[in-house]
There are 4 protein chains.
Amino acid sequence: MIIILKKDPEPKQLENLKAWLTGQKLTIHESRGESHTILGLVGDTTAVDIDLLRALDIVEDVKRVQEPYKNANRKFHEEDTVIAVGPAQLGGGVFALIAGPCSVESEAQICGVARSVKQAGATMLRGGAFKPRASPYSFQGLRGEGLTLLLEAKKQTGLPVVTEIMDLSQLELFADVDVIQVGARNMQNFELLKELGHTGKPILIKRGLANTLEELLMSAEYVMAGGNPNVALCERGIRTFETAARNTLDLSAIPLLKRMSHLPVIVDPSHATGIASLVKPMALAATAAGADGLMIEVHNDPSHALSDGAQSLTPEAFADVAAAVRAVLPFACRYDHGKAV
Amino acid sequence: MIIILKKDPEPKQLENLKAWLTGQKLTIHESRGESHTILGLVGDTTAVDIDLLRALDIVEDVKRVQEPYKNANRKFHEEDTVIAVGPAQLGGGVFALIAGPCSVESEAQICGVARSVKQAGATMLRGGAFKPRASPYSFQGLRGEGLTLLLEAKKQTGLPVVTEIMDLSQLELFADVDVIQVGARNMQNFELLKELGHTGKPILIKRGLANTLEELLMSAEYVMAGGNPNVALCERGIRTFETAARNTLDLSAIPLLKRMSHLPVIVDPSHATGIASLVKPMALAATAAGADGLMIEVHNDPSHALSDGAQSLTPEAFADVAAAVRAVLPFACRYDHGKAV
Amino acid sequence: MIIILKKDPEPKQLENLKAWLTGQKLTIHESRGESHTILGLVGDTTAVDIDLLRALDIVEDVKRVQEPYKNANRKFHEEDTVIAVGPAQLGGGVFALIAGPCSVESEAQICGVARSVKQAGATMLRGGAFKPRASPYSFQGLRGEGLTLLLEAKKQTGLPVVTEIMDLSQLELFADVDVIQVGARNMQNFELLKELGHTGKPILIKRGLANTLEELLMSAEYVMAGGNPNVALCERGIRTFETAARNTLDLSAIPLLKRMSHLPVIVDPSHATGIASLVKPMALAATAAGADGLMIEVHNDPSHALSDGAQSLTPEAFADVAAAVRAVLPFACRYDHGKAV
Amino acid sequence: MIIILKKDPEPKQLENLKAWLTGQKLTIHESRGESHTILGLVGDTTAVDIDLLRALDIVEDVKRVQEPYKNANRKFHEEDTVIAVGPAQLGGGVFALIAGPCSVESEAQICGVARSVKQAGATMLRGGAFKPRASPYSFQGLRGEGLTLLLEAKKQTGLPVVTEIMDLSQLELFADVDVIQVGARNMQNFELLKELGHTGKPILIKRGLANTLEELLMSAEYVMAGGNPNVALCERGIRTFETAARNTLDLSAIPLLKRMSHLPVIVDPSHATGIASLVKPMALAATAAGADGLMIEVHNDPSHALSDGAQSLTPEAFADVAAAVRAVLPFACRYDHGKAV
């Protein structure tokens, strides 16, 4: 951490600052320039509050050198994290193809979709039971019953299931769920993240619409700091000024997250674009950029889906995308300890 | 709602669509042009899922005419909502001056700040007990104990208190809190919003960093649809590409929300800018634009605040801002049924 | 175009509006609903000023159905545009690999880079002579002399050259340039675009940092309306809140532009990310998504480049990227009349 | 400037870097930490290319301490710049009220509007002769003839005129114009800015839709580095995800620019919002925040304006806004050497 002091800092305040920093077990290197004095801090600054330092009268600016995340940091954990999920895997060179409907609607629907996506090569089944909807008048998901149906589909097909939790009060219902998803709107629901840190379950955290990659890693850090190392990250589009697609899929998140962290990176082209015809090109792009997996919405009858129909593929269209992804995969970018090779 | 069909829609699919729309109790007006056919829908489209329609093969685009919110809509509730909060008020021409520290730290601190802001003209006391922090290593608030101290400050000064809830499991602790704040990161925590709809308490909802005004009103709608009409809105800055201040305070939200809705609009210049020296100009700007109140961070010793010190004013600086706000107030923009006059 | 009228429009004003619309040779379809009356306009609305209509007292909102661009519109020009550039091509299934240094610095430099990128498979040479730099104190390019050196490199290697024009006063110097590039900052320099419409030269227009795809196509329309159909589009990143890379590369622009327009789409991963190590994954992603080509910065000695060194590859690294791109190419997404197949 | 080196930098490369820095007349202060070595550079780093340093293998990151602008920097020019414009003024405590139509349409129109805005208290007349329009099919302004009409209105009313230049080839036509405006889309048209630096004319630079305040000051720096100190800045809204108004007016730009620079700051609420009913609240807000002036669109018959009608006020509405602004002005935020007092 570097503290840039204002010109001619008041000596007493400077002394106080240095004493406080030393109390935080930090070593101070001071460089005096013509217009600024710079304090370089050496030691563990993870817990130092940057805003607190900025509030001081004698401080002009504070810049971090060390990242504020530790457990999720590639620098302190060089090897890629690999998460076993039943017969499937997140990270570690086994591509995760997660597919299924936006919402679980009925046993026939979820089991039917599960069978078709399995046949097309999916390695996990997704499906929403608890649905975060912008309108209180929209379908809110089958909730507990949806979880039961999803687990029935797991039983019938052997596919591990990924599904979203919306509130920590729902946690006990997720005992048999394989991967618990934290949605984009809950990426900074810190009470929920803390609680998930006390489970050992694989957690898939979706990036919030307006959240930086650093903030995404800080949310992973919340889970990992609680003792749960099984975290995967999901890029699903960010909110920008462009309205031609629902969000802007930020694929540079893949190489950036690979460099910053050792956690697996999944891409969701369905929610990112909100348009079924964009799913194939964006799925291929994410694969080529070296994502560890994809999460794709599939519905047996997109026109009658109760939610997010516009972004769902038919099982046939999904099979076509899955085959195209498999064809690109051998030529995709690879990472060695976070570096594209 | 207007549905724009693709050129030469398949007749059978068009018939199905019309039947479905009629089943939703909507009347259809059809206009056939050279390159597009347009279906104008008349009736209550609040609950119609726009994405579902967009998913249909024969549909090119769907555009909303009617807003998707009802209870929060100025069109269906012409008179301004006024919320009594003990001796204070949100809306209705009585300016709300809400002040206090970011975090409650001790009895001496919160009661001391409460006394000074009351003397300077504050009408309510704010203070964080449960603190949403981006890092798990930052101070997380005194939590339950913080609420107790806040209520002690209320007892000593008579100021109603505003404080943030982070999870619905905390709700019972908020029984004696006057205004429950939903923070920006929880603006779309729909489970929490639904639960708050079953209380009768005043709820202050802060706009999320990447949320549109329509989405803010949809979150208000969640609370109101549950039966609680006592909702106020808070603009606290949105995330943009500009990094000179923490966020970009969007003051056009004031006249826009006044036109769209009848709910009171509060502005928080402290969190929006994150810089103490910007609080005064932005507080005056918000006042002049016709906000119903301000929420301002005040700390008795900003340099030692445990969180967000950079944006806190001293009690003296707050008294100066409060006096300046009172001076501008008689000349501020006024609204008559949502129109600036 | 659809005009949504306010409730109970003043009859005289409505009559005036209808007369004006009829005068624009538009046919009006009227649908009266309970809360809104809707006028559907049939005919060519390309030149109708949407803001003018929105200004009318009786109008609540206006929504476009028809796109405001014609020449660039896929709907009016179904076949892909193919632009021959000497032995190379933009569009038409021949992948364009455009490579070279950010700035032309010397004959040895540009000719040396030209030879290496040609050997690695580049089909065109890029190099900046006129350089738009945010600071007046930064190197501004060799200007006229830079163009001369670039043309010398073309002579030595046979590679067609792509270089940026910054002002229409420079146009006569570009007589022997193969493709004139309009930079992101000049995307809406309409005087320049108009003038380029009077040349027959291939024009490569880069998307502005904050410009929508529709605006990019409107800029293409400026050139095409002047009589020059040889326009190609370049996605090079947009400005968002995320600062981990220089800009956010928006690869969904590829399928979206393919659907909206028949013009070739090139992607520049070097400027988009500003980080050399991101170029390979983003180049592969763009290729897989079906771009018509790539524009990549290459420097013989990145550490001593006078500008944009951080995003330049060495010739060796470029050869590696080019080979990886060629490997992905056979499996990339393809478009048939703008639809991903 | 601070250079953060990677762990264990290659000694030969480090030596080269230090030699190069010393060659730039910079003094180096080195701090060695456990995980990073930091080089603090003392001296004038204005012209040092930050991207060039970032490109070096041994460098992890580079952070600026000193601003990259000098002439526009408050630190090197403590007193406010005041620009005399005939009988009016930009900066220096005399509020500039600039009003007029978006486009000059006819002598009757511009002279009529000029008389009414003068009567209502305007100190300068604005009007567009050269119009940057997103569509080639929209009205492009009366161009040279428009300038003639504008100067006629100046003659009749005595109001100095402000009008936009779109290309440096138009410069000679601007000889009698009082203030030359550089539009948002041309904020980084560096060839134009350089040329304007060689005139002595007052230049009003509008902030680009996606440009930071630092970039705005760099554009001012281009003009000032050429020898023209008469630069004023104009905030006119930035592009964000919010679409309820045309752009997001960023009023925190006022106190931030006051602190960063000594140049006058004008606010344009008309273009920022694009909605006539938002002009009054935003004009009052900008005034209260301490802007040096406002630029407001006024049309004698908004419904028939040929461009941007939706954001224009009638002369009566403008007179109301002007009176309201005058009422707020005595209570507005004031700045002393850039600090809000």
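Some notes on this structure:
- Summed over the stretch A:7-36, residues that are under 25 Å from B:ALA245 (Cβ atoms) and buried (at least 17 other Cβ atoms within 10 Å of the Cβ) total 3.
- Residue within the stretch A:66-80 that is over 19 Å from A:VAL265 (Cα atoms), crowded, with 20+ Cβ neighbours inside 10 Å and in contact with a helix residue (DSSP H, G or I) (Cβ under 7 Å, 6 or more places away or on another chain) present: yes
- Single match in D:GLY121, D:GLY200, D:GLY141, D:GLY112 (criterion: assigned by TED's automatic domain parsing to the domain that holds D:ALA291, at positive phi and surrounded by fewer than 22 Cβ atoms within 10 Å (Cβ to Cβ)): D:GLY121
- Filtered residues of the stretch A:144-178 (kept if among the aliphatic types (A, V, I, L, M), out of contact with any Cys (no Cβ under 7 Å at 6 or more places or on another chain) and farther than 24 Å from A:HIS198 by Cβ): A:LEU149, A:LEU159
- Pairs where the first residue, in the stretch D:173-199, is touching a residue at least 60 places away in the same chain (Cβ under 8 Å) and part of a strand (DSSP E or B) and the second is surrounded by 24 or more Cβ atoms within 10 Å (Cβ to Cβ) and β-branched (Val, Ile, Thr), C-beta under 7 Å, 6+ apart: D:VAL179/D:VAL162
- Test: D:GLY158 is closer than 25 Å to D:ASN71 by Cβ and small (Gly, Ala, Ser): no
- Given (1) in contact with a Leu (Cβ under 9 Å, 6 or more places away or on another chain); (2) under 24 Å from A:ARG207 (Cβ atoms); (3) of a type in the set (Lys, Arg), number of the condition B:ARG133 does not satisfy: (1)
- For the stretch B:45-54, taking the residues that are surrounded by fewer than 21 Cβ atoms within 10 Å (Cβ to Cβ) and within 17 Å of A:THR273 (Cβ to Cβ), the one that is farthest from the other protein chains (Cβ to nearest Cβ) is identified as B:ILE50.
- Subset of the stretch A:154-172 [surrounded by 18 or more Cβ atoms within 10 Å (Cβ to Cβ) and either in a loop (DSSP other than H, G, I, E, B) or within 25 Å of the chain's Cα centre (by Cα) (or both)]: A:LYS154, A:LEU159, A:PRO160, A:VAL161, A:VAL162, A:THR163, A:GLU164, A:ILE165, A:MET166, A:ASP167, A:LEU168, A:GLN170
- Residue within the stretch C:88-99 that is modelled with pLDDT of 95 or more, of a type outside the set (Lys, Arg), under 22 Å from C:ASP301 (Cβ atoms) and not in a strand (DSSP E or B) present: no
- Failed condition for A:ASP61, given (1) exposed (fewer than 15 other Cβ atoms within 10 Å of the Cβ); (2) within 8 Å of chain D (Cβ to nearest Cβ): (1)
- Taking every residue in the stretch A:46-71 that is closer than 23 Å to A:LEU217 by Cα and pairing it with any residue that is hydroxyl-bearing (Ser, Thr, Tyr), at least 6 positions away or on another chain, the pairs with Cβ-Cβ distances below 6 Å are A:THR46/B:TYR137; A:ALA47/B:TYR137; A:GLN66/A:THR45; A:PRO68/A:THR46; A:PRO68/B:SER135; A:LYS70/A:THR46.
- Looking across the stretch B:144-153, the residues that are surrounded by fewer than 18 Cβ atoms within 10 Å (Cβ to Cβ) and in contact with a helix residue (DSSP H, G or I) (Cβ under 7 Å, 6 or more places away or on another chain) come down to B:GLY144, B:GLU152.
- Subset of the stretch C:179-203 [more than 9 Å from every other protein chain (Cβ to nearest Cβ), of a type in the set (S, T, N, Q) and out of contact with any Cys (no Cβ under 9 Å at 6 or more places or on another chain)]: C:THR199
Condition check ((1) within 12 Å of the chain's Cα centre (by Cα); (2) more than 9 Å from chain B (Cβ to nearest Cβ); (3) farther than 23 Å from B:ALA210 by Cβ; (4) not small (Gly, Ala, Ser)) across all residues:
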{"position": "D:GLU242", "(1), (2), (3), (4)": "no, no, no, yes"}
{"position": "D:ARG246", "(1), (2), (3), (4)": "no, yes, no, yes"}
{"position": "D:ALA253", "(1), (2), (3), (4)": "yes, no, no, no"}
{"position": "D:ILE266", "(1), (2), (3), (4)": "yes, yes, yes, yes"}
{"position": "D:HIS271", "(1), (2), (3), (4)": "no, yes, yes, yes"}
{"position": "D:PRO281", "(1), (2), (3), (4)": "no, no, yes, yes"}
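- The stretch C:309-341 - residue that is outside any helix (DSSP H, G or I) and basic (Lys, Arg) and, of those, nearest to the other protein chains (Cβ to nearest Cβ): C:LYS339
- C:VAL113 meets each of the listed conditions (1) under 27 Å from C:ARG185 (Cα atoms); (2) out of contact with any strand residue (DSSP E or B) (no Cβ under 9 Å at 6 or more places or on another chain); (3) not small (Gly, Ala, Ser) apart from (2).
- Single match in C:ALA84, C:ALA99, C:ALA88 (criterion: away from chain D (no Cβ under 14 Å), aliphatic (A, V, I, L, M), on the phi < 0 side of the Ramachandran plot and without any contact (Cβ under 8 Å) to a residue 12 or more places away in the chain): C:ALA84
The values are calculated or read from the model by the stated rules, or taken from the named source; none is laboratory data. Everything numeric here is computed off the predicted structure, so don't read it as measured data. Cβ atoms come from the backbone with ideal geometry, glycine included; neighbour counts cover every protein chain shown.
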